[in-house]
Amino acid sequence: MSEIDPAAIAEQADVPTEPKQASHEVGRARRRKEDARLLTGRTQWTDNIQLPGMLYVQFLRSPMAHARITRVDVEAARQLPGVVAAFSGRDFAAEQGSLPCAWPVSEDIVIPDHPPMAYEEVRYVGEAVACVVATSRYQAADALEAIEVDYEPLPAVLDMNEALTGTSPKVHDQGNQAFTWKFGQGDIDEAFRDAPVVIDRTYVQQRLIPTAMEPRAVVCTTDGQSFTMWSATQIPHILRFLLAATTGIPEHMIRVIAPDVGGGFGSKLQVTAEEVLCLLLARRLGKPVKWTESRSEGNLTVHHGRDQIQHIMIAAEGDGRIRGIKVDLLADMGAYLMLVTPGVPLLGAFMYNGIYKMDAYDFACTGVFTTKMPTDAYRGAGRPEATYALERAIDELAHELKLDPMQVRRLNWIKHEEFPYTTIAGLTYDSGNYEAATDRAMALFGYDKLRAEQADRRDRGDPVQLGLGISTYTEMCGLAPSRVLGSLSYGAGGWEHGSVRMLPTGKVEVVTGSSAHGQGHETAWSQIVADALGVPYEDVSVLHGDTAISHKGMDTYGSRSLVVGGMAVLQACEKVKEKARRLAAHTLECSPDDIEFSQGAFKVKGTSQQKTIQELTLAAFAAHDLPDGMEPRLDADATIDPENFSYPHGTHLCAVEVDTETGQTKIRSYVAVDDVGRVVNPLIVEGQVHGGIAQGIAQALFEEAVYDAEGNLLTSTMADYLLPSAADLPTFVTDRTETPATSNPLGVKGVGEAGTIASTPAVVNAVVDALRPQGVHDIQMPCTPERVWRALQ
Amino acid sequence: MPRIAVTVDGIKYEQDVEPRLLLVHLLRDHLGKTGTPIGCDTSNCGACTVLLDGKSVKSCSVLAVQADGSDVVTIEGLATNGSMHPMQQAFHEEHALQCGYCTPGMVMASIDLLRTDPDPSEEAIREGLEGNLCRCTGYCNIVRAVKRGAQNVGATS
Ligand code: FES
Ligand code: FES
């Protein structure tokens, strides 16, 4: 065998001896690397996967909101053509475990047993009670009809207030209260004592269905010993860990792959019954199995979002200065506590003070069981709810005092020179400039001109009235410092992992522990690495979403990927450079201190001698002449734990025309100025803001999951649960101010949830503002034409 | 089982199909054309949109037998000589996709939109794409992309 000749390899691979990367990548509007496969139909969705001998799974689901299961007979289904097996929940009772809740928020929390397939009692419509495994999708679906189930009906529990009365039927034997959680700072009684103004409002956060466009899908295969699962999930790492914990299958025998995933918005941040059962079915049958959800099945059984009743009180001085805020929440958990169900309201608990200063704050939350689909994280998780109640109530305060709503905000918000600022909720906002974002938004919006038009329409008694809505928001994201998560009883940490693999030809493979599903990590991470290592953007590839490739990770949620995951990648790059510097010094026969790095080359200071990072990578690979003790690779890993949350903020302004005769609303203009810190790729940021705003508007005007009096979901199809289409939404005007975060080296803050958090109150404030002269103070979301019209009667 | 003949992206297939088989399942499960995804079961989302004899249809609302003798073009058949269709290119340029799940349907519906309105206004684009839902983008960049795509298509034809 001939010896490796580095010079030959270098020549063949075109290893540069001059640095190739010149311009800055971070900050550039790069078109995305991901697009090529997504645009040409070569995407790898989970449902695309076909394996030899694969079987198809379908679940039979409860048509009852609450019932005792008295008999399940799958025998007739077993006899049908193509059917390989059929099982009831009881068939898996001994091995299926209980679906995990990772966030036991309080000592008194009730975490009921949650079998993936019910076998004693069902507690929401859609809960799985039996399954069929067949050789085709259609045969599996046919066979469901042959399964017989007898139910003994139990009373549905649907209303949170009623559920907490002593006379309510119980969802679980332990009662309907899941937990209470309280938090406060400052003297709240003092703040409210003799307060010149008290605003006292109750808002309803309707239940929403997250509706990622890709329905869930799971494929699981086994070689008799180990298991590989593909799942449309946001959390391959957490899923692997919890599949092991739930089923007892050792963690190292499970590999989880999240291939291309078609959106999540929190809905795929879950360990689902179907994932656990596909794993167990693959084990029992020794064959690959696939389950793909239908949309109607998904509306019933993908966890829902929001569903809170918010009681908020503000005590203020006569001039509008806020003294204190008091919040009391009821949060609908649904029938069980899933992965972070009880933690969602807690993510809002530190946000009801928003960007404002005050002397006292008090928060209490009660989690309530009902016979509905469990709730859990949905884009923003807790923070949109908080921002909504606060920004709505601030408008009420302004109205009460006959002040312009922006004036009240300016009076109370943290001034830019006051950062870092520790809020009444105990968070330290590292940076921000609310004045700058607001001034920019007001100018783009033409606030004063629109106010003049509003006055004119009011004077004329125009049937179409104009309303202006404001939302000056902040959020905590970049989840999260592990010690803070620990103090809130969350079951895991908030760190993230990244690795950088230097390939012999000088190309770079980056592995990230966060798992993208539309956010553009492959592009943004390439930009970060290109700058950090001085390599061409095209020379970087980014791998993610497979526990065998990305061995550590905390996955994607809470606008954390860039702020935590991106920083882990950056830190791994720094380690690569430190090794390369040592090797350069050795090769160029100088001290590492005499080496300076610039744009991909390590130079001896004051000379023209240099080695490119690609040359050094190849030298490390050949390993013929390394410094003593240096291992033959430049690759590096980093795991970082953020020191603080990050706090994007911004000002969103919305103008809505309301037809007082029909109740029809029309968004006339929407301006968003967000400050997400330094921006890696403005194109991606703008896209995230657009999508976020659309989802927030959807809550304000269109969407609601509705259960009837028996606990049937009336909005179980896409024909009933109305997602806005292009025709329902306007073009958004977006801009940014840039106040870098001080808590990470790139100054980034995260942008995944900002638009959703900000937009809902901006829209509803605008609708209510239009109708104030008619005595309207609130319209329950979604503000449909019917609800608006009724409010006017 | 009826036997059908259908051309998909330029290749002729003859296939025995169950009478109830949906065109989208024929494409995905039988012909391996997984570029066309499924987003709903009520013909609302448009993710499954393909061109059937030149006109866009939701392939989940067409039976495979109805496509007998027809010519189907999916997202996989748009590129020519290795370069993307001008509409695909425009979606890329304008960042009109995030997760990309709605994208095949959006692109096919947009191409069909230009058939009847080669230079659509913003309003015409928004109305024309009403049957295609996207959860990620808020549609702004899709509207921009269709405008640019119209220009690109105009320039190349
Ligand atoms: S899958 Fe065909 S319209 Fe939704
Ligand atoms: S890009 Fe995700 S649904 Fe449109």
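The values are calculated or read from the model by the stated rules, or taken from the named source; none is laboratory data. Note that the coordinates shown come from a computational prediction; the quantities given were computed from them, not determined experimentally. We place every Cβ from the backbone using ideal geometry, glycine too, and count neighbours over all the protein chains shown. Note: accessible area is taken over every heavy atom of the protein model, side chains too, but ligands, DNA and RNA are not part of it. Shrake-Rupley method; radii C 1.70, N 1.55, O 1.52, S 1.80 Å.
Things to note:
- Check on A:GLU786, of a type in the set (Asp, Glu), at pLDDT 95 or above, in the same structural domain as A:ALA381 (by TED's automatic domain parsing) and farther than 30 Å from A:GLN571 by Cβ: yes
- Single residue of A:PRO250, A:PRO236 found to be away from chain B (no Cβ under 14 Å), open to solvent by less than 10 Å² (accessible area, probe 1.4 Å) and of a type outside the set (Lys, Arg): A:PRO236
- Scanning the range A:711-737 for residues that are within 8 Å of chain B (Cβ to nearest Cβ), touching a Ser or Thr at 6+ places or on another chain (Cβ under 7 Å) and either open to solvent by 30 Å² or more (accessible area, probe 1.4 Å) or under 20 Å from A:ILE693 (Cβ atoms) (or both) gives A:ALA719, A:LEU723.
- Residue list for the range B:101-143, restricted to those being more than 9 Å from every other protein chain (Cβ to nearest Cβ) and either outside any helix (DSSP H, G or I) or within 16 Å of ligand 2 (Cβ to nearest atom) (or both): B:GLY105, B:MET106, B:MET108, B:ALA109, B:SER110, B:ASP117, B:PRO118, B:ASP119, B:PRO120, B:SER121
Here is a yes/no grid of residues against (1) assigned by TED's automatic domain parsing to the domain that holds A:TYR336; (2) closer than 30 Å to A:ALA94 by Cα; (3) touching a residue at least 40 places away in the same chain (Cβ under 8 Å):
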{"site": "A:GLN177", "(1), (2), (3)": "no, yes, yes"}
{"site": "A:PHE183", "(1), (2), (3)": "no, no, yes"}
{"site": "A:PRO196", "(1), (2), (3)": "no, no, yes"}
{"site": "A:ILE199", "(1), (2), (3)": "no, no, yes"}
{"site": "A:PRO210", "(1), (2), (3)": "no, no, yes"}
{"site": "A:SER226", "(1), (2), (3)": "no, yes, no"}
{"site": "A:ALA244", "(1), (2), (3)": "no, yes, no"}
{"site": "A:PRO250", "(1), (2), (3)": "no, yes, no"}
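- Of all residues in the range B:117-131 being open to solvent by less than 10 Å² (accessible area, probe 1.4 Å) and under 18 Å from B:LEU97 (Cα atoms), the one that is nearest to ligand 1 (Cβ to nearest atom): B:LEU129
- Residues located in the range A:544-576, provided they are over 21 Å from A:ALA532 (Cα atoms), of a type outside the set (Ser, Thr, Tyr), modelled with pLDDT of 95 or more and open to solvent by less than 20 Å² (accessible area, probe 1.4 Å): A:GLY545, A:ASP546
- Apart from one condition, B:LYS147 fits all of (1) more than 7 Å from chain A (Cβ to nearest Cβ); (2) over 23 Å from A:ASP35 (Cα atoms); (3) modelled with pLDDT of 95 or more; the exception is (2).
- Residue in the range B:137-144 that is modelled with pLDDT of 95 or more and farther than 27 Å from A:LYS666 by Cβ present: no
- Taken together, A:SER431, A:SER489, A:SER499, A:SER471 contain a single residue that is assigned to a loop (DSSP other than H, G, I, E, B) and surrounded by 19 or more Cβ atoms within 10 Å (Cβ to Cβ), which is A:SER431.
- Residue match in the range A:58-72 (condition: in a helix (DSSP H, G or I) and more than 10 Å from every other protein chain (Cβ to nearest Cβ)): no
- Residue within the range A:447-468 that is part of a loop (DSSP other than H, G, I, E, B) and within 30 Å of A:THR341 (Cα to Cα) present: no
- Subset tally (residues that are touching a strand residue (DSSP E or B) at 6+ places or on another chain (Cβ under 7 Å) and assigned to a loop (DSSP other than H, G, I, E, B)) for the range A:203-225: 4
- Top-ranked residue in the range A:31-48 [being open to solvent by 40 Å² or more (accessible area, probe 1.4 Å) and in contact (Cβ under 8 Å) with a residue 12 or more places away in the chain; ranked as nearest to the other protein chains (Cβ to nearest Cβ)]: A:ARG31
- Entry remark, the range A:531-543: residues being open to solvent by 10 Å² or more (accessible area, probe 1.4 Å) and either within 14 Å of chain B (Cβ to nearest Cβ) or assigned to a loop (DSSP other than H, G, I, E, B) (or both) number 1 in total.
- Breaking point among (1) within 30 Å of A:ILE312 (Cα to Cα); (2) crowded, with 23+ Cβ neighbours inside 10 Å; (3) in contact with a Ser or Thr (Cβ under 7 Å, 6 or more places away or on another chain), for A:THR180: (2)
- Residue that is among the hydrophobic types (A, V, I, L, M, F, W, C), more than 16 Å from ligand 2 (Cβ to nearest atom) and at pLDDT 95 or above, where the choices are B:LEU63, B:LEU97: B:LEU63
- Among the residues making up the range A:647-677, those that are assigned to a strand (DSSP E or B) and acidic (Asp, Glu) are A:GLU657, A:ASP659, A:ASP674, A:ASP675.
Listed here are the residues, each with its yes/no results for (1) within 16 Å of ligand 2 (Cβ to nearest atom); (2) away from chain B (no Cβ under 14 Å); (3) closer than 26 Å to A:LEU616 by Cβ.
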position: A:SER514; (1), (2), (3): no, yes, no
position: A:ALA524; (1), (2), (3): no, no, yes
position: A:VAL529; (1), (2), (3): no, yes, yes
position: A:ASP546; (1), (2), (3): no, yes, no
position: A:ILE549; (1), (2), (3): no, yes, yes
position: A:GLY566; (1), (2), (3): no, yes, yes
position: A:VAL576; (1), (2), (3): no, yes, yes
position: A:ALA580; (1), (2), (3): no, yes, yes
position: A:ALA585; (1), (2), (3): no, yes, yes
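- Looking only at the range B:23-39, and only at residues there that are free of Cβ contacts under 8 Å to residues at least 60 places away in the same chain and within 9 Å of ligand 1 (Cβ to nearest atom), the one that is farthest from A:LEU38 (Cα to Cα): B:VAL24
- Selection status of B:LEU78, within 13 Å of chain A (Cβ to nearest Cβ), within 16 Å of ligand 2 (Cβ to nearest atom) and buried (at least 22 other Cβ atoms within 10 Å of the Cβ): no
- Condition met for A:GLY494 (more than 14 Å from chain B (Cβ to nearest Cβ), closer than 21 Å to A:GLY380 by Cβ and either buried (at least 24 other Cβ atoms within 10 Å of the Cβ) or in contact with a strand residue (DSSP E or B) (Cβ under 8 Å, 6 or more places away or on another chain) (or both)): no
- Of all residues making up the range A:235-277, the number that are within 16 Å of ligand 1 (Cβ to nearest atom) and over 16 Å from the mean Cα position of the chain (by Cα): 0
- In the range A:677-695, the residues that are in contact (Cβ under 8 Å) with a residue 12 or more places away in the chain and more than 10 Å from chain B (Cβ to nearest Cβ) reach residues that are small (Gly, Ala, Ser) and in a helix (DSSP H, G or I) with C-beta atoms within less than 9 angstrom, at least six apart or across chains, in these pairs: A:VAL680/A:ALA524; A:VAL680/A:GLY566.
- Any chance A:THR370 is touching a helix residue (DSSP H, G or I) at 6+ places or on another chain (Cβ under 9 Å) and under 27 Å from A:GLY775 (Cβ atoms): no
- The range B:40-53 - residue that is open to solvent by less than 40 Å² (accessible area, probe 1.4 Å) and more than 11 Å from chain A (Cβ to nearest Cβ) and, of those, nearest to ligand 1 (Cβ to nearest atom): B:CYS48
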